[in-house]
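The values are calculated or read from the model by the stated rules, or taken from the named source; none is laboratory data. Computed from a prediction, not measured in an experiment: that's the story for all the values here. Ideal geometry is used to build each Cβ from the backbone, glycine not excepted, and the neighbour counts take in all protein chains shown.
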Amino acid sequence: MVKEPSVLGQLIQSYAGARKLNRGKQLHAHLISVGGVPSTFVANHLINMYAKCGDIHHAAALFDGMTQRNLVSWSAMISGFSQNGRALEALRTFSLMCAAGVRPTEFAFSSAIQASASFGSLAYGRQMHCSSVKLGFDDELFVGSNLADMYAGCGSLVEARLVFEEMPWKDEVSWTTMIDGYAKNGNLEDALGAFKEMVDAGRITIDQHALCSALNACAGLKAYRFGQSLHSSVVRLGLESETFIVNALTDMYAKAGDMDGASSVAKKVGSGWNVVSCSSLIDGYVEMNQLEEALRTYVDCRRQGTEPNEFTFSSMIKACADQAVLEQGTQFHAQVIKASFDMDPYVSSSLVDMYGKCGILKCSIQLFGEIQHASDAAWNSMVGALAHHGRGKEAVEAFHGMVARGCRPNHITFVNLLMACSHSGLVESGLEFFHSMHKTYGVEPGEEHYSCVIDMLARAGRLQEVKDFIGRMPFEPNAYGWCSLLGACRTHGDVELGEVAAEKLMKLEPGNTGIHVLLSTMYASMGHWEDVKAARKSMRDSRVKKLPGFSWVDVDNKAHVFGADDPSHPQIKEIHEKLEELSVKLSQAGYDGLFADGKTFKKPRRPYEKERLDAELKLVGEYGLRCKRELWRVQYALSRIRNAARDLLTLDEKNPRRIFEGEALLRRMNRYGLLEEGQNKLDYVLALTVENFLERRLQTLVFKSGMAKSIHHARVLIRQLGRQVVNIPSFMVRVDSAKHIDFSLTSPFGGGRPGRVKRRNQKAAAKKAAGGDGDEDDEE
């Protein structure tokens with residue numbers, strides 16, 4: 001074995017370039033066995049070899065054991081730590097080098113600056129900058145590029161630009177550093193501006209790295225035209241087969257919505273699909289709500305041997321969540337476990353979201369509990385799942401848990417949180433969270449957050465507060481906000497404000513038929529029939545047509561689509577017969593009209609037994625019922641619900657039908673206030689009583705709210721108020737609707753015109769005071 005240092009150095013260098021770590025270790029072991037590493041020169045090469053092969057531990061051990069170190073030794077060790085993601089050790093080694101009196105070179109400075117960028121230490125990076133100026137390294141091209149990259153990586157774009165401008169000359173690396181820095185910090189327009197400056201500067205070779213950064217900026221801005229021009233440049237430079245370029249182009253076209261262009265670029269690659277372009281394609285199809293195309297792309301990639309990564313799985317699970325296809329979602333969950341991605345933060349948060357949107361909240365909570373270190377995305381998914389299921393209080397608790405564990409909420413967190421407060425009637429809590437967004441958490445409220453507050457106040461019937469809130473907004477509400485307000489105006493009978501909301505909506509979405517339908521429904525609920533005709537005429541004149549609704553069902557891996565009032569299906573007769581059969585089964589199982597004021601009841605077998613009559617008479621008097629038939633209806637509805645619960649309890653706990661239908665039944669009981677939030681077992685359904693149902697009747701709640709003098713007076717009030725959305729005493733009130741119970745603004749109790757009896761008494765009193773007899777009846 002040769003011991004000539006120069007020959008050994010070349011041999012070790014070849015091992016480093018080919019990443020042959022084992023060969024390098026064998027050579028190192030041989031040198032130790034024959035007397036040790038012959039010189040510092042060879043030791044430096046060994047340190048460099050270990051660092052480039054990723055074995056930073058052996059590199060550090062060799063460095064620590066060196067009796068003599070020179071400038072190259074220190075530089076190699078600093079560079080090795082920096083390249084292997086050990087930023088803190090790189091900075092410590094640089095400090096030790098300076099403390100040892102060794103003057104650093106520009107290469108050591110560059111490595112230390114890169115470590116500062118990786119560590120995210122702006123203060124340390126500034127110290128590096130000052131030292132480089134003192135030593136005269138700031139004019140070095142690669143030092144300046146690394147300084148600009150460090151400042152951009154630490155979020156200080158102003159200082160990055162100053163360093164860039166002060167550089168005596170600039171090459172493609174420095175320009176690409178600036179473009180990439182802007183893009184990573186979200187300044188996409190500045191990134192494209194820097195790219196155009198580079199092109200205009202001339203004498204700069206535009207390489208694939210600069211093009212990739214520019215294409216990524218185009219993808220973020222959806223700058224389709226400029227992206228196409230960059231595509232032309234790619235073809236002209238012969239870079240269309242480069243993997244990084246293909247991935248960037250695919251992502252750009254997909255983000256712009258041109259899925260044909262994205263697919264064409266991805267499939268032109270001679271080496272076939274790669275996982276990044278495949279993930280970009282799938283993500284584009286998901287954003288376009290094209291689940292079938294996303295699935296087809298996924299299958300094609302697997303057939304060509306491309307293994308999905310965490311981003312691929314995350315996109316596919318998101319597609320299943322958006323379409324609420326539980327079966328496909330569980331299949332992807334199984335593949336995720338098989339591929340060992342179940343603990344990945346992106347995938348785990350997507351799974352929590354998917355099960356929540358598919359109605360299986362229990363699985364969402366279980367999966368979230370299995371995550372060892374929940375990421376911000378996982379917490380957001382959990383809060384969103386609870387909000388989706390109307391669990392407002394639990395969503396608020398989850399938010400506090402998120403903050404307590406050091407996770408920082410973002411704009412998505414607050415959208416989910418405000419939605420949870422809106423759907424659960426937690427108005428004051430929601431307003432408190434909205435006002436704390438910027439003050440406490442540094443999150444600037446956006447359109448979505450303002451729209452959620454509008455929806456929250458509108459659902460609570462606080463229309464004047466909605467009006468004031470809109471007046472204080474820094475911008476006009478979006479369509480969702482105006483639509484929420486219009487729906488609330490229909491519910492609460494505020495025609496004037498509803499017309500304003502409808503007018504704004506028609507400007508934002510002139511082709512939306514729902515606006516005209518909501519407006520005409522609002523007029524109809526108030527008895528303004530002339531306005532109803534005018535609204536419908538306006539809809540006809542504007543040639544807006546109501547799009548038919550569609551539904552679909554999966555049978556034997558085929559999707560069958562059904563349209564409303566569409567008789568063209570070849571099996572339409574069989575479909576209608578099956579629907580009738582299902583309707584009967586649903587009614588028997590207790591899922592159809594459980595709380596409606598229908599005439600369906602079942603007469604008891606022995607209706608005249610003394611004990612039964614006494615019990616019925618007690619309930620009729622206590623709850624102000626009109627007759628025993630009202631009580632029998634409730635008893636019949638309760639028996640159907642119990643039968644449904646018993647039927648589900650006979651199934652295994654992991655049976656899909658028990659999980660899905662059981663969750664649906666419990667969710668419905670919770671929303672009607674028949675079960676508390678913690679009572680999430682079917683056994684609690686069996687414990688329900690007739691009194692539980694009678695307590696949720698509109699008549700009972702009107703009396704208990706203090707509006708009526710007695711339970712019987714409450715029944716009279718409901719019948720006499722008129723022009724109400726609901727005027728049925730036996731109507732079952734949902735928990736989130738209870739806050740809307742109030743007197744109509746046009747009723748005598750709400751400040752409107754006095755009632756008939758009061759008007760007659762007032763007229764009689766006036767006549768008596770004027771000397772009349774006051775005996776005439778009020779003819780109104």
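For this structure, a couple of remarks:
- Members of the range 608-626 found to be of a type in the set (A, V, I, L, M, F, W, C) and under 20 Å from Leu701 (Cα atoms), listed by number: Leu619, Val620, Leu625
- Residue satisfying all of: in the range 71-105; within 44 Å of the chain's Cα centre (by Cα) and of a type in the set (D, E, K, R); surrounded by the fewest Cβ atoms within 10 Å (Cβ to Cβ) among these: Arg92
- Enumerated helices (runs of 4 or more DSSP H) restricted to the range 447-532, each holding at least 3 residues that are of a type outside the set (A, V, I, L, M, F, W, C) and over 23 Å from Ala420 (Cα atoms): 495-508, 513-525
- Single residue of the range 562-615 satisfying the filter (among the acidic types (Asp, Glu), farther than 30 Å from Asn670 by Cα and assigned to a loop (DSSP other than H, G, I, E, B)) that is modelled with the lowest pLDDT: Asp565
- Top-ranked residue in the range 630-643 [being crowded, with 21+ Cβ neighbours inside 10 Å and closer than 13 Å to Leu686 by Cα; ranked as nearest to the chain's Cα centre (by Cα)]: Ile641
- Note on the range 114-147: residues that are buried (at least 22 other Cβ atoms within 10 Å of the Cβ) and of a type in the set (Lys, Arg) amount to 0.
- In the range 148-158, of all residues being touching a residue at least 24 places away in the same chain (Cβ under 8 Å) and over 10 Å from Ser174 (Cβ atoms), the one that is surrounded by the fewest Cβ atoms within 10 Å (Cβ to Cβ) corresponds to Gly155.
- Residue within the range 316-336 that is in contact with a Ser or Thr (Cβ under 8 Å, 6 or more places away or on another chain), at pLDDT below 90 and among the acidic types (Asp, Glu) present: no
- Considering residues of the range 648-693 that are among the aromatic types (Phe, Trp, Tyr) and more than 16 Å from Gly356 (Cα to Cα) only, the residue modelled with the highest pLDDT: Phe693
- Some residue of the range 424-439 being among the polar types (S, T, N, Q), part of a helix (DSSP H, G or I), in contact with a Lys or Arg (Cβ under 8 Å, 6 or more places away or on another chain) and modelled with pLDDT under 90: yes
- The range 644-666: number of residues that are touching a Lys or Arg at 6+ places or on another chain (Cβ under 8 Å) and surrounded by 17 or more Cβ atoms within 10 Å (Cβ to Cβ): 4
- Residues of the range 627-657 that turn out to be over 14 Å from Arg697 (Cβ atoms) and either touching a His at 6+ places or on another chain (Cβ under 9 Å) or of a type in the set (Gly, Ala, Ser) (or both), as a count: 3
- Taking the conditions (1) closer than 24 Å to Ile412 by Cβ; (2) among the small types (Gly, Ala, Ser); (3) surrounded by fewer than 19 Cβ atoms within 10 Å (Cβ to Cβ); (4) in contact (Cβ under 8 Å) with a residue 60 or more places away in the chain in turn, Gly425 satisfies each one other than (3).
- Complete set of residues in the range 8-60 that are within 22 Å of Leu71 (Cα to Cα), of a type in the set (A, V, I, L, M, F, W, C) and more than 50 Å from the chain's Cα centre (by Cα): Leu8, Leu11, Ile12, Val37, Phe41, Val42, Ala43
- Total residues in the range 452-468 satisfying the condition of being farther than 21 Å from Val733 by Cβ, modelled with pLDDT under 90 and not charged (D, E, K, R): the figure is 2.
Yes/no matrix, rows are residues, columns are (1) more than 22 Å from Leu386 (Cβ to Cβ); (2) out of contact with any Leu (no Cβ under 9 Å at 6 or more places or on another chain):
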{"site": "Gly430", "(1), (2)": "no, no"}
{"site": "Asp455", "(1), (2)": "no, no"}
{"site": "Ala460", "(1), (2)": "no, yes"}
{"site": "Phe475", "(1), (2)": "yes, yes"}
{"site": "Tyr480", "(1), (2)": "no, yes"}
{"site": "Arg490", "(1), (2)": "yes, no"}
{"site": "Gly493", "(1), (2)": "yes, no"}
{"site": "Val500", "(1), (2)": "yes, no"}
{"site": "Glu509", "(1), (2)": "yes, yes"}
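- Among the residues of the range 284-317, those identified as buried (at least 23 other Cβ atoms within 10 Å of the Cβ) and not hydroxyl-bearing (Ser, Thr, Tyr) are Gly284, Val286, Ala294, Cys301, Phe313, Met316, Ile317.
- Every condition in (1) farther than 30 Å from Glu499 by Cβ; (2) of a type outside the set (Asp, Glu); (3) part of a helix (DSSP H, G or I) holds for Val443 except the one numbered (3).
- Number of residues in the range 426-469 that are hydrophobic (A, V, I, L, M, F, W, C) and touching a Ser or Thr at 6+ places or on another chain (Cβ under 7 Å): the value is 4.
- The conditions of being out of contact with any Cys (no Cβ under 7 Å at 6 or more places or on another chain) and in a helix (DSSP H, G or I) are met by Arg23.
- Arg697 vs. criteria modelled with pLDDT of 85 or more, out of contact with any Gly (no Cβ under 7 Å at 6 or more places or on another chain) and among the charged types (D, E, K, R): yes
- From the options Lys709, Lys628, Lys618, Lys654, residue that is closer than 30 Å to Leu386 by Cβ and out of contact with any strand residue (DSSP E or B) (no Cβ under 6 Å at 6 or more places or on another chain): Lys654
- Yes/no for Asp353 being surrounded by fewer than 22 Cβ atoms within 10 Å (Cβ to Cβ), free of Cβ contacts under 8 Å to residues at least 40 places away in the same chain and charged (D, E, K, R): no
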